[in-house]
1. If you take the residues in the stretch A:130-145 that are under 21 Å from A:I209 (Cβ atoms) and touching a residue at least 60 places away in the same chain (Cβ under 8 Å), which one is nearest to DNA strand C (Cβ to nearest atom)?
2. Which one of the conditions (1) assigned to a helix (DSSP H, G or I); (2) closer than 27 Å to A:L321 by Cα; (3) in contact (Cβ under 8 Å) with a residue 60 or more places away in the chain; (4) touching a Phe, Trp or Tyr at 6+ places or on another chain (Cβ under 8 Å) does A:N174 fail to meet, given that it meets all the rest?
3. Just to be sure I understand the filter: pairs with C-beta atoms under 8 Å, separated by 6 or more residues or on different chains, first member in the stretch A:296-316 and touching a residue at least 40 places away in the same chain (Cβ under 8 Å), second member part of a helix (DSSP H, G or I) and within 10 Å of DNA strand C (Cβ to nearest atom). Which pairs pass?
4. Got a sec? Which strands (runs of 3 or more DSSP E) wholly within the stretch A:389-478 have at least 3 residues that are of a type in the set (V, I, T)?
5. Can you give me the number of residues within the stretch A:295-318 that are of a type in the set (A, V, I, L, M) and within 11 Å of DNA strand B (Cβ to nearest atom)?
6. Among the strands (runs of 3 or more DSSP E) lying completely within the stretch A:56-142, list those that include at least 1 residues that are away from DNA strand B (no atom under 12 Å from the Cβ) and either under 25 Å from A:N287 (Cβ atoms) or of a type in the set (S, T, Y) (or both).
7. Just wondering, is there one or more residues in the stretch A:79-89 that are away from DNA strand C (no atom under 16 Å from the Cβ) and surrounded by fewer than 20 Cβ atoms within 10 Å (Cβ to Cβ)?
Amino acid sequence: MERKWEAKLKQIEERASRYERKPLSSVYRPRLSKPEEPPSIWKLFHRQTQAFNFVKSCKEDVHVFALEYKVGDGQRIYLVTTYAQLWFYYKSRMPSGLHLAQIIIYLWKQKNLLHCYEVIPENAVCKLYFDLEFNKLANPEADGKKMVALLIEHVCKALQELYRVNCSAEDVFNLDSSTDEKFSRHLIFQLHDVAFKDNVHVGNFVRKILQPAFHLIASEDDDSISESMGHGFSHFPETPVKQGISFSKMSSDRDRGESQTQNSKERGRLGSAEQSSPDLSFLVVKNNTGEKHLFVDLGVYTRNRNFRLYKSSKIGKQVALEIAEDNRFFPKQSKTISEENQYFLSSLVSNVRFSDTLRILTCDTSQNKQKRVEYSHSTNTKGNIEGFHCSPYPEIDQFVLSLVNKNGIKGGIRHWSYFFPEELLVYDICKYRWCENIGRAHKSNNIMILVDLKNEVWYQKCHDPVCKAENFKSDCFPLPAEISLLFLFKEEEEFTAAETMNSDTKSPHKPPSGLLSEGAISDADWDNGLDETDFVEAAEDAELAAAAEHGLLGYCSGEGEIPDELIVQVLQE
DNA sequence: CAGCGCTACCACACCCC
DNA sequence: GGTGTGGTAGCG
């Protein structure tokens, strides 16, 4: 494979020098992609923050992926694209009807997607996921499949007890990346209309429900396992603690006869209410130095965690994540999306489908709970969220503040609530009491501003008993376009449309234009970001882009040649 | 020219018995 | 010896 690419590289270099000798003419030719087609986005960045900044500036539903590109020190670059486009290049089958130039681009992109990771953005809603592993040689008696099944059972029970969420092994996408030496799995839970607030909350949840297992590895000697189980800990203690902290805390609690700390008090209280701890001894494995560890890797719940994609391998390794033998999750059949694509989409941790009934689960640590009183967001029993001062929608907060800062009165947001089914943000306003109903400010009652995200309007109500009695609601006013969130949902539709276009069922003779054409340009565009010092390069890029327009986009006219130096440049990176 | 976000670990200072 | 801090190698 490597040799083939070296040969290809040489070929491309030769062609590049040909172009240097005989440059392309600069006749303008409009691009072929039709306006209604989804725009192509394929941008590479050296820095993660640049990639995320680009995502922010981008109207389309794009995501950040990390590509490993150098063997050894795990160096990564960041790709921003849509799920649909990524899948187009990612899937192994070569689409028919491509020109040579397009095939080269296709192959280049595909080669660079072999070691591809999803970046799970911090503060982004995501699925529940697990990274599981143990060394087979150090644990000859361990039955990996059985351990996975027991873990899933335990997690489902916990979801039911803590959040009243129903699920089973059929909702768990089970991916295998095992080798002869290592048992390795990824589990991605496909909960219906339920997701976690972000992956830090997922981590808190996982630590919380695995806490009974921490005692088992905290003990130095092997035979104290059964003894340390009998302390009456609850199934899912109130205060999830970090693994590292919990070790020392637990052991010191035990040493002191366990009574003083708040933690142990809580455990005692809850412990008496619950039955004895579940037996999580199946989670304890040994590493190659013989130390006890958990089967569950707790290090994968950090901010912007890179999580390897379905069908990707680590650089320098052969084994990719594939559907496990004992996987029991099967995506819904779709006419427009291939089964493989469905699996791919299901494997993405931050690919959460929005719906009217989406419930966002949270799980805080005890430390964060204190902070939360100050910043205050909380999920009530219905799964709606509320808080003080600022909502998760800063743009809307700003807009609401602009409404209540008028005529020298400085209004503020006292409290907000978000109602999922209605997609309604309710702001309790302070200091600004102007009421449309009475045409003046109330003397002692506050008003509310309601933002209806579904219908993209806002209106005013108030707490005054008289206004309330007549169920007063002001006229609706449209939200300013820039804060309208409808695009979010529109994009869901667009995304589906894009899927349809790129699906395997599409006419084999028509390559998804737009994807290839613009992608070719963006490839060279190692986004220099806002680095003005690079204008020389930028000028070169512009030339190359022009070249690309002549060559690559000509898949109908058939005269196209690849803007080679561009690809050579990228390949050499 | 160019990854990121941690945790475990170590060295050291400071404190108290 | 216990505890807190600050810097860093190295893991995931």
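1. Result: A:D131.
2. Failing condition for A:N174: (1).
3. Partner pairs satisfying both residue conditions: A:F307/A:V300.
4. Correct list: A:447-452.
5. So the answer is 3.
6. It comes to A:75-82, A:129-135.
7. Looking through the stretch A:79-89, none of the residues is away from DNA strand C (no atom under 16 Å from the Cβ) and surrounded by fewer than 20 Cβ atoms within 10 Å (Cβ to Cβ).
Each row is one residue, and each column tells you yes or no for (1) charged (D, E, K, R); (2) at pLDDT 95 or above.
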site	(1), (2)
A:T289	no, no
A:L294	no, no
A:D297	yes, yes
A:V300	no, yes
A:I323	no, yes
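The values are calculated or read from the model by the stated rules, or taken from the named source; none is laboratory data. As the structure is a computational prediction, the values presented were derived from the model and not from experiment. Backbone-built Cβ (ideal geometry, glycine too); neighbour counts: all protein chains shown.
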